[in-house]
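Structure record follows, encoded as structure tokens.
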Amino acid sequence: MGAKGESVFLAQILCLKTILAQQQISLTIRRLANQLLENHAPLSQTAFIGIQPRGIYLSDRLVDEIRAETGQQDIDYGRMDITFYRDDIRKEVHLPNKTDIRFSIEGKKVVLIDDVLYTGRTIRAAMDALMDFGRPEKVELLVLIDRRYSRELPIQADYIGKSIDSIISQKVKVTWQERDGRDEVLLLDE
């Protein structure tokens, strides 16, 4: 089956709804970056950490936007893998990604960044992993999409790109230009 036939087949078995298109994602990232700047200026006591694997596409862009807005290049920005901190059982084997945090988080305000907040388990694992790097003064959470009514743990985001209501059988898929060839957030009915 060719690429065209495959996409027709996928469209038949999945109902797709675009939540955010490319331009909306760009505007949302700019808004979130400005919210961060309002609450964290000056940035000397703030660290941004993208959660591997998919949160880093958002965090890379947010930090780039903040650098462009402020002209400040020496921002504490890292990437964190949480594979070995997860408590949920996965059907497939996950290979760990590289953690790259080259600064101390001791006494800093840390902003964890991920693409979708769903059950809260990823964020719980990220907070556990974060404590291996020191004790921050405060931890905040920024997400592109908040699936509001699906939480298993009492975790809420401080900065939200878009909140959506979805049922458990639906899936939110975030595609990024760098990885998938386009920026888009889709709601899939399986």
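We did not get these values from a lab; they are worked out from the coordinates using the rules stated. Predicted model only: the values in this text are computed from it and were never measured. Cβ sites come from the backbone with ideal geometry, for glycine too, and all protein chains shown count toward neighbours.
A compact table of results
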quantity: Nitroxide proxy distance, nm - points 7 Å out along Cα→Cβ at residue 72 and residue 35; calculated: 1.9 nm
quantity: Estimated FRET transfer efficiency when R0 is 35 angstrom, pair residue 22-residue 137 (beta carbons, to 0.05); calculated: 0.45
quantity: For peptides 55-62, 77-84, 104-111, 179-186, sequence by mean Cβ density within 10 Å, most packed first; calculated: 55-62, 77-84, 104-111, 179-186
quantity: Pairwise label distance in nanometres, residue 45 with residue 86, each label 7 Å out on the Cα-Cβ vector; calculated: 3.6 nm
quantity: Dimensions (Å) - the chain, Cα atoms, principal axes, largest first; calculated: 52, 37, 30
quantity: More than 20 angstrom apart: percent of Cα pairs within region 129-190; calculated: 44 percent
quantity: Full-stretch length increase - residue 149, residue 179 - with 0.36 nm per residue and alpha-carbon distance subtracted; calculated: 8.0 nm
quantity: Pairs of Lys in the chain closer than 26 Å at Cα, counting only those 8 or more apart or on different chains; calculated: 18
